[in-house]
Amino acid sequence: MFLGVSYLTWGVVCLLVAGIYVVVFPSRKDLSGNSSKWRYFVLRWFHSLVWLLLAVSFFMWGDLIPGGDLSASISALIALMVYLIFISTFVITRIGRREAG
């Protein structure tokens with residue numbers, strides 16, 4: 001349990017959030033412009049990937065999928081790294097768009 005809530009519940013919530021970000025975010029406006037293919041890929045998929053990795057972590061911590069605590073922690077750490085890449089790319093894209101006009 002994490003914060004009094006089961007790992008299964010946390011994992012399912014993470015999967016739901018990942019699904020929402022696949023469908024809802026980002027808008028075409030956020031993805032348009034002079035973005036490179038890599039930047040487009042990061043903005044389009046990395047936020048969903050973060051939530052998917054967190055779901056996997058919760059499922060491993062809850063022994064719902066094989067892996068154990070170490071693998072769960074590594075998955076969570078990878079989720080943090082992916083999130084930092086996503087956020088930095090998002091901010092750089094916004095600053096570039098603002099400077100362009």
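The values are calculated or read from the model by the stated rules, or taken from the named source; none is laboratory data. Just so we're clear, the structure is a prediction, and the values are computed from it rather than from any experiment. All Cβ positions, glycine included, derive from the backbone under ideal geometry; neighbour counts span all protein chains shown.
You will find that of G62, G67, G96, the residue that is within 16 Å of Y7 (Cα to Cα) and either modelled with pLDDT under 90 or among the β-branched types (V, I, T) (or both) is G67 and no other. Given the criteria touching a residue at least 24 places away in the same chain (Cβ under 8 Å) and farther than 18 Å from G11 by Cα, does I95 qualify? In short, no. Whenever a residue of segment 10-26 is modelled with pLDDT of 95 or more and polar (S, T, N, Q), it has no partner that is assigned to a helix (DSSP H, G or I) and surrounded by 15 or more Cβ atoms within 10 Å (Cβ to Cβ) lying with C-beta atoms less than 9 angstrom away and at least six residues away or across chains.
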